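The next block holds one structure in the form of structure tokens; read it before the comments.
The values are calculated or read from the model by the stated rules, or taken from the named source; none is laboratory data. The structure displayed is predicted, hence computed values, not measured ones. Neighbour counts are summed over all protein chains in view; Cβ atoms, including those assigned to glycine, are modelled from backbone coordinates with ideal geometry. In case anyone asks, the SASA skips ligands and DNA or RNA and just uses the protein heavy atoms, side chains included. Shrake-Rupley method; radii C 1.70, N 1.55, O 1.52, S 1.80 Å.
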Amino acid sequence: MTHEDILAKLNSTKSADRKRGAREIGKLKSTALGSDLYEAYLKEKWDKRTWETQVEMIRSLGIIQHKEAISEMEEIVMKNKPHDMVTSVASTTFIQLARESVNDARKVIELLKFGSVSVISGSLLSLPTDRMIPPREEIKEVIERSWDINKHPDRIGHEFGLIDSRIYLALQCADWDIEFTSDFLNHCIETAFDISRFGKPVANQNLIAVCENSLKGKFSKGYI
């Protein structure tokens, strides 16, 4: 798809077209279209019906590192809405735009300190998305703050269908020193339970599989 084709999609009256155009910008990592994408997002954000299109726009703004969008992303994050996909994706993009380097996890830690389940999920997703390898002290603090994040107040009573965001941290543990990650990964395996639609605990096989791979130093594909 050419730049002209993508711009035509972004300016289409159809939400599905705008969503596809935004996705293409991220796929192609087309920084040249960053301003066009951002302007399209500023129009799109007012329509609550098109949250899926907004998600694709926000995700691509992070991929192409469009710094102009940082204040918009921060505003979404600070509203701290739980159970909100736009908030989750904006948290990932905010970290991508605000950090000093790809291995700077200080913003991740900052968001973990106050975040709703959506902010937490998005912040932890930034780690495996960009294969971040922070300094050891930052790794230790991220793990400490995420140890029992599955018991976050926003998650209690809403476990069915809601991801255990520890899976994102467990994914990235594959790239980190086993000295810092083994206790966390084994703890996740021991506590990897979701709640079924009938209110019964069921083993979270995805989290278990990711943890087992990371204990072997193997990055699990297909989870992000």
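Does segment 154-163 contain any residue that is of a type in the set (A, V, I, L, M, F, W, C) and either open to solvent by less than 10 Å² (accessible area, probe 1.4 Å) or farther than 24 Å from residue 89 by Cβ (or both)? Among the residues of segment 154-163, not one is of a type in the set (A, V, I, L, M, F, W, C) and either open to solvent by less than 10 Å² (accessible area, probe 1.4 Å) or farther than 24 Å from residue 89 by Cβ (or both), which makes the answer no. For segment 122-168, the set of residues classified as assigned to a loop (DSSP other than H, G, I, E, B), at pLDDT 95 or above and either of a type in the set (D, E, K, R) or closer than 19 Å to residue 217 by Cβ (or both) consists of 130, 131, 132, 133, 134, 148, 164, listed by residue number. Quick one: is residue 110 under 23 Å from residue 154 (Cβ atoms) and open to solvent by 10 Å² or more (accessible area, probe 1.4 Å)? Taking the combined requirement at face value, the residue satisfies it. Within the option set 200, 216, being over 19 Å from the mean Cα position of the chain (by Cα) and within 17 Å of residue 150 (Cβ to Cβ) holds for one residue only, 200.
Of the numbered criteria (1) surrounded by fewer than 18 Cβ atoms within 10 Å (Cβ to Cβ); (2) of a type in the set (A, V, I, L, M, F, W, C); (3) in a helix (DSSP H, G or I), the one residue 119 fails is (1).
For first residues located in segment 70-94 and within 24 Å of residue 157 (Cβ to Cβ) and open to solvent by 40 Å² or more (accessible area, probe 1.4 Å), partners that are part of a loop (DSSP other than H, G, I, E, B) and aliphatic (A, V, I, L, M) and lie 6+ apart or on another chain with Cβ distances below 8 Å form the pairs 83/162. Total residues in segment 1-17 satisfying the condition of being open to solvent by 70 Å² or more (accessible area, probe 1.4 Å) and part of a helix (DSSP H, G or I): the figure is 4.
Residue count for segment 18-48 satisfying the condition of being at pLDDT 95 or above, assigned to a helix (DSSP H, G or I), open to solvent by 40 Å² or more (accessible area, probe 1.4 Å) and of a type in the set (D, E, K, R): 7. So, residue 58, is that one of a type in the set (A, V, I, L, M, F, W, C), under 19 Å from the mean Cα position of the chain (by Cα) and open to solvent by 50 Å² or more (accessible area, probe 1.4 Å) or not? When the stated conditions are applied, residue 58 does not pass them. Please specify each residue of segment 194-224 satisfying the condition of being exposed (fewer than 15 other Cβ atoms within 10 Å of the Cβ), touching a strand residue (DSSP E or B) at 6+ places or on another chain (Cβ under 8 Å) and not in a loop (DSSP other than H, G, I, E, B). 201, 202, 203, listed by residue number. Within 18 Å of residue 136 (Cβ to Cβ) and open to solvent by less than 30 Å² (accessible area, probe 1.4 Å), is that true of residue 173? So residue 173 fits the description; yes. Might you let me know whether segment 50-64 holds any residue that is over 22 Å from residue 129 (Cβ atoms), free of Cβ contacts under 8 Å to residues at least 40 places away in the same chain, part of a helix (DSSP H, G or I) and in contact with a helix residue (DSSP H, G or I) (Cβ under 8 Å, 6 or more places away or on another chain)? Yes, segment 50-64 contains at least one residue that is over 22 Å from residue 129 (Cβ atoms), free of Cβ contacts under 8 Å to residues at least 40 places away in the same chain, part of a helix (DSSP H, G or I) and in contact with a helix residue (DSSP H, G or I) (Cβ under 8 Å, 6 or more places away or on another chain).
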